[in-house]
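Below you'll find the structure, written out as structure tokens, and then a few comments.
The values are calculated or read from the model by the stated rules, or taken from the named source; none is laboratory data. Since we're looking at a predicted model, the values are computed, not measured. Cβ: placed from backbone, ideal geometry, glycine included. Neighbour counts: every protein chain shown.
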Amino acid sequence: MQDGEYFVLLGPTGAGKSVLIECIAGLHKPEKGEIWINGRNATGLTPEEREVSYVPQDYALFPFLTVKENIEFGMKIKKYSKFEINQGLKKMVNLLEIENIIHRNPSTLSGGESQRVAVARALAVKPKLLLLDEPLSALDPRTKQALWIELKRIHRELKVTTIHVTHNFVSSEFTEKPSIVAVSLAGDLYPDTTGSASSLPGESETFIFSISLLK
């Protein structure tokens, strides 16, 4: 992957997609191989040292914090100044268009609202890489399409390198093609040579996936 790309990783349940991005995030250590991020070997680094933000499938919002406090959480952990936290909060609230819900509790949010808050929290710390695990899977079709458009808009504005994991690459979900698509099968990665991800690759094809994400 190159800096600024939007990479979609497609594969059936159990193919290892989530494990891959959790390894990139530092939640697991690979048994073999290395993970390189931004020109350095990140295999042994802690999640905090990797400059990576991860949005899990269930969003993992803190139920005891308000939306505002959830977004501020990472910035406080990284010891941002009060001014930086206020500026970061304001930017994310405007970017995700969630000003009307910042004082609410996560338990009162819809699926689309929860996803926006989770993305805002992830982006607030200015990651070099954003990891999205099935960000659209739990949403109804209308919300799913709207959020996909929002994710692409945010990517165009911030140009943050993104890996988006999904098991359902269909035209109704992706109304605008991502930069790169790969197919995951039984732990192996293959390119979508057709540009449509409509068929699985043959045994003769080889795809070397580089985890050296940024230059």
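Against the numbered list (1) outside any loop (DSSP other than H, G, I, E, B); (2) over 30 Å from Cys23 (Cβ atoms); (3) of a type outside the set (Val, Ile, Thr), Gly88 comes up short only at (2).
When Met75 is tested against the conditions (1) surrounded by fewer than 21 Cβ atoms within 10 Å (Cβ to Cβ); (2) part of a helix (DSSP H, G or I); (3) modelled with pLDDT of 95 or more, the lone failure is (1).
Results for (1) modelled with pLDDT under 80; (2) more than 25 Å from Gly4 (Cβ to Cβ); (3) of a type in the set (A, V, I, L, M); (4) part of a loop (DSSP other than H, G, I, E, B), shown as yes or no for each residue.
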| residue | (1), (2), (3), (4) |
| --- | --- |
| Ser171 | yes, no, no, yes |
| Ser199 | yes, yes, no, yes |
| Glu205 | yes, yes, no, yes |
| Leu213 | yes, no, yes, yes |
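Taking Thr66 as the residue in question, decide whether it is assigned by TED's automatic domain parsing to the domain that holds Gly88, surrounded by 15 or more Cβ atoms within 10 Å (Cβ to Cβ), more than 15 Å from Ala122 (Cβ to Cβ) and of a type outside the set (D, E, K, R). So Thr66 passes the test. Note on region 20-53: residues that are within 13 Å of the chain's Cα centre (by Cα) and either crowded, with 20+ Cβ neighbours inside 10 Å or not acidic (Asp, Glu) (or both) total 6.
Taking each residue of region 62-76 that is over 14 Å from Ala118 (Cβ atoms) and looking for partners that are among the small types (Gly, Ala, Ser) and surrounded by 15 or more Cβ atoms within 10 Å (Cβ to Cβ) with beta-carbon atoms closer than 7 Å, six or more apart or interchain, yields Met75/Gly88; Met75/Ala124. The test for being at pLDDT 85 or above and either acidic (Asp, Glu) or not in a helix (DSSP H, G or I) (or both) holds for Leu65.
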